[in-house]
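The values are calculated or read from the model by the stated rules, or taken from the named source; none is laboratory data. As the structure is a computational prediction, the values presented were derived from the model and not from experiment. Cβ atoms come from the backbone with ideal geometry, glycine included; neighbour counts cover every protein chain shown. Heavy atoms of the whole protein, side chains included, go into the accessibility calculation; ligands, DNA and RNA do not. Shrake-Rupley method; radii C 1.70, N 1.55, O 1.52, S 1.80 Å.
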Amino acid sequence: MATAGKDLSAYDKQSLPDASKLRIGIVVAEWNEDITENLFKGAFSTLVDCGVDSEAIFRCDVPGSFELIYGCRKMQESTYGASRPTKALDAVIAIGSVIRGETAHFDFVCQGVTSGIKDLNLNKTRIPVIFCVLTDDTREQSIARSGGIHGNKGSEAAIAAIKMAALKNS
Ligand code: DLZ
């Protein structure tokens, strides 16, 4: 397998756009919480490492991956921050983990959240939504991608958020 034993989450800070003024939302699904918390930690620490102010990262929790769509849209449409006027976000990251079970539920949740987040990227807010939803066959695969041997997809989502926020603002 091409990804066997590889950490896929390395990044080069110098090559990234300036992130010091960005405001990023992160929506976290509670299903498979051990996995999604590690994804959140990866995203948060990478954003801060790349220059985003920790006070400019806003979190919203939702029950499951299917609810990420609603949570992300609410974040796209809201303003945040202590300063007045409060401001819209520059990007939103959707964090979830769907693990295949014995029923077709996996397929419906995966299809629903993928299609829903695609739609959010086309709506009038023009705030990019980054897809950080693991869709794995086993818990071991999810662990490997949320701070394990394959790195942390939350960290990769943070890099994508910075790049897409810069594109939005360009
Ligand atoms: C119902 C369900 C199932 C079976 N599996 C998962 C999962 O692996 N990961 C996940 O994030 N959510 C799961 N859910 C919950 C749905 O996403 C959703 O919260 C419920 O269907 C309620 O709308």
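For this structure, a couple of remarks:
- When region 133-149 is filtered for residues that are of a type in the set (A, V, I, L, M, F, W, C) and within 12 Å of the ligand (Cβ to nearest atom), the ones remaining, listed by number, are Val133, Leu134.
- Filter result for Ala56 (surrounded by fewer than 21 Cβ atoms within 10 Å (Cβ to Cβ), touching a Ser or Thr at 6+ places or on another chain (Cβ under 8 Å) and closer than 17 Å to Ile130 by Cβ): no
- Output for region 94-120, where each listed residue is among the basic types (Lys, Arg) and away from the ligand (no atom under 11 Å from the Cβ): Lys118
- Qualifying residue in region 37-49 (condition: farther than 26 Å from Lys124 by Cβ and outside any helix (DSSP H, G or I)): no
- Annotation: of all residues in region 65-110 being in contact with a Lys or Arg (Cβ under 8 Å, 6 or more places away or on another chain) and more than 29 Å from Ala19 (Cα to Cα), the one that is least open to solvent (accessible area, probe 1.4 Å) is Phe106.
- Flag: Phe131 matches the condition of being open to solvent by 40 Å² or more (accessible area, probe 1.4 Å) and under 19 Å from Gly42 (Cβ atoms).
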